[in-house]
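The values are calculated or read from the model by the stated rules, or taken from the named source; none is laboratory data. Here the structure is a predicted model, which means the values were calculated and not measured. As a convention, Cβ positions derive from the backbone with ideal geometry for all residues, glycine included, and neighbour counts pool all protein chains shown. For the accessible areas, the whole protein counts, side chains as well, though only heavy atoms, and no ligand, DNA or RNA atoms are used. Shrake-Rupley method; radii C 1.70, N 1.55, O 1.52, S 1.80 Å.
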Amino acid sequence: MSWLKKIFNTGIRTEGGQKKAVPEGLWTKCAVCNAVLYRAELERNQEVCPKCDHHMRLGGRRRLQHFLDEEPRVEIAMNIEPVDALKFKDQKKYKDRITAAQKSTAEKDALIAMMGNVKGVPLVAAAFEFRFMGGSMGSVVGEKFVRCVDTAIEHNIPFVCFSASGGARMQEALFSLMQMAKTSAALAKLRKRGLPFISVLTDPTMGGVSASLAMLGDINVAEPKALIGFAGPRVIEQTVRQTLPEGFQRSEFLLEHGAVDMIIDRRNMRDDLAGILSALTHQATPV
Amino acid sequence: MNLNFLDFEQPIAELEAKIEELRYVGDDTEVNISEEISRLQEKSKALTESIFANLNAWQISQLARHPQRPYTFDYVNHIFTDFYELHGDRTFADDNAIVGGIARLESKPVMIIGQQKGRDTTEKIRRNFGMPRPEGYRKAMRLMELAERFKLPLLTFIDTPGAYPGIDAEERGQSEAIARNLLVMSQLKTPIICTVIGEGGSGGALAIGVGDRLMMLQYSTYSVISPEGCSSILWKSADNAAEAAEAMGITSKRLKELGLVDQIVPEPLGGAHRDVKSMALNLKNALLENLEYLEGMPLDKLLDQRYQRHMNFGNYNET
């Protein structure tokens, strides 16, 4: 081994040692304004930077915990698990990817759903878990979504879904594409029953999820500066060989182009959605 | 290399070249070589049969994208009469990557919608390589609603690499345009038969692909992402497209086995482009047969079945 290699082949070199002086996870840095934030305070603030209002990603279960009233909460279809019907294998087996994702997130798949109230207004609420294979939609997500619609119809209550997804789950191939049709068909049924569906698009909502359930809200809401679109920005850049305009495919861009009704700060989500839903279902304004 | 043949077909191409050569010689001389020619033709046919009996997913996806493969308008010309093309989404533009209109199948009036690719460079560009923009999907939706209003069965022909990934397409709401079609088609009060005739590329294909029957031509493909796209995401390299094609099971045979496709329409030996007329006839018969069945069904039952069909898609365990 040459002396040069000896110096450079150690892989990625990081500064070790001193950094560990602060207990891990006590402090977080905001990726946008670089402010050093106290972890507990950030959590209380629903993962929104108190300095610059940057909306960081929020896990599906925590999202529902922040959004719903504490009581009552009934989880929907919590025992549905993915299966690898195609025996799909790329560099890793799909089966192993499922196991790893279940372990790291403690969820069975990428959608979590509950029946509950928001400021006293009863509803079904679902939220994607982006950390579970990029929030990708496969058979379990599709089926859970349909169960949400069925529950909403059964109890004659509205449905709110927070999406955060890279799109369809490739490892389930055409089955995942068909979930777009499945979820859209279910929403058509919900519409016929006259029950509201509010779609909240959070960072990121792309591909097959954006091109089905997420864009089919009676009211489409976005969180500030979320990436929302059909094709990924890199694919578009490679196709059109142009630099993408500033703010392209961000919530504000979508609002300007008429694709979403409004942008709501996460900390106002409960108040605003309770206000909208109570009006659509002719209930008194929640206090 | 003969460009009319794909690389795995080159042995056939060589034989065909030899036959042509002999024919040329035969014209010139007194010697009777017709026996030799017909012997070689037999051999070529047998060779084609053996190659086509064992095609892998990647080879089939090359056939689905064959430059000579029949496109929507080829089938319109061969199968239907009295075709009147309808243009525009009434809002922004007319998208040439999706075409549609009123036509007759035998004597029965129908509505046709299909993606259209171009044959030569100019037309390829005009058709945007079969990649629709939102206005294309919105035109399609307009025609779907027309079909419902005038009780015309809807026949769609899927052949696209995918919805166009462009800045303008995003600005005008590509996602919403696709999503809305899925919703509308799931409840459209008229029979819908969807046929994949070439490439079924992801959401851009599905946006005209929700219906009562899904058929695939034998050497067409249907997938959630292109093999190249899948390869570059999951293998982090574009070189594993063949593996990706196999893993995703994008062929008619595999998708029929998985219960996602209702019917395979057989192609002539060597693929649809080798004999467009007989391909069109096979497709016409399949359309007539399915249409007769679907039209015999009461509308509410038809819609229930369509809904149930889509609810059944998926694999999961419930404990």
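Structure data summary
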read-out: Candidates A:Ala100, A:Ala152 - the one that is in contact with a Leu (Cβ under 9 Å, 6 or more places away or on another chain), of a type outside the set (S, T, N, Q) and more than 14 Å from chain B (Cβ to nearest Cβ); value: A:Ala152
read-out: Residue in region B:261-280 that is within 14 Å of another protein chain (Cβ to nearest Cβ) and open to solvent by less than 20 Å² (accessible area, probe 1.4 Å) present; value: yes
read-out: Members of region A:242-265 found to be farther than 17 Å from B:Ser175 by Cβ and open to solvent by 80 Å² or more (accessible area, probe 1.4 Å), listed by number; value: A:Gln242, A:Thr243, A:Glu246
read-out: Listing of helices (runs of 4 or more DSSP H) fully contained in region A:29-140 that carry 3 or more residues being in contact (Cβ under 8 Å) with a residue 40 or more places away in the chain; value: A:60-67, A:94-105
read-out: Criterion: at the interface with another protein chain (Cβ under 8 Å from one of its Cβ atoms), touching a Pro at 6+ places or on another chain (Cβ under 8 Å) and within 30 Å of A:Ala259 (Cα to Cα) - qualifying residue of B:Arg180, B:Arg172; value: B:Arg172
read-out: Considering residues of region A:82-97 that are more than 17 Å from B:Ser223 (Cβ to Cβ) and open to solvent by 100 Å² or more (accessible area, probe 1.4 Å) only, the residue nearest to the other protein chains (Cβ to nearest Cβ); value: A:Gln91
read-out: Residue in region B:286-315 that is farthest from the other protein chains (Cβ to nearest Cβ), counting only those that are in contact with a Pro (Cβ under 7 Å, 6 or more places away or on another chain) and open to solvent by less than 70 Å² (accessible area, probe 1.4 Å); value: B:Leu291
read-out: Selection from region B:126-164 of residues that are open to solvent by 10 Å² or more (accessible area, probe 1.4 Å), touching a strand residue (DSSP E or B) at 6+ places or on another chain (Cβ under 7 Å) and part of a helix (DSSP H, G or I); value: B:Leu146
read-out: The one condition in (1) more than 21 Å from the chain's Cα centre (by Cα); (2) among the basic types (Lys, Arg); (3) within 20 Å of B:Ala140 (Cα to Cα) that B:Arg39 fails to fulfil; value: (3)
read-out: Filter result for the condition that a residue is in contact (Cβ under 8 Å) with a residue 60 or more places away in the chain and more than 15 Å from the chain's Cα centre (by Cα), over B:Leu260, B:Leu269; value: B:Leu269
read-out: Pick from region A:155-204, criterion free of Cβ contacts under 8 Å to residues at least 40 places away in the same chain and at positive phi, ranking: farthest from the other protein chains (Cβ to nearest Cβ); value: A:Asn156
read-out: Scope region B:109-125; condition open to solvent by 50 Å² or more (accessible area, probe 1.4 Å) and within 19 Å of A:Thr239 (Cβ to Cβ); matching residues; value: B:Thr121, B:Lys124, B:Ile125
read-out: Candidates A:Ile112, A:Ile76, filtered to the one that is within 14 Å of chain B (Cβ to nearest Cβ) and either out of contact with any helix residue (DSSP H, G or I) (no Cβ under 7 Å at 6 or more places or on another chain) or β-branched (Val, Ile, Thr) (or both); value: A:Ile76
read-out: Any chance A:Val209 is touching a residue at least 12 places away in the same chain (Cβ under 8 Å) and outside any helix (DSSP H, G or I); value: no
read-out: One residue from B:Gln187, B:Gln218 being closer than 24 Å to A:Phe175 by Cβ and either surrounded by 24 or more Cβ atoms within 10 Å (Cβ to Cβ) or within 13 Å of chain A (Cβ to nearest Cβ) (or both); value: B:Gln187
read-out: Residue under evaluation A:Gly217, criteria (1) in a loop (DSSP other than H, G, I, E, B); (2) more than 7 Å from chain B (Cβ to nearest Cβ); (3) out of contact with any Ser or Thr (no Cβ under 7 Å at 6 or more places or on another chain), criterion not met; value: (3)
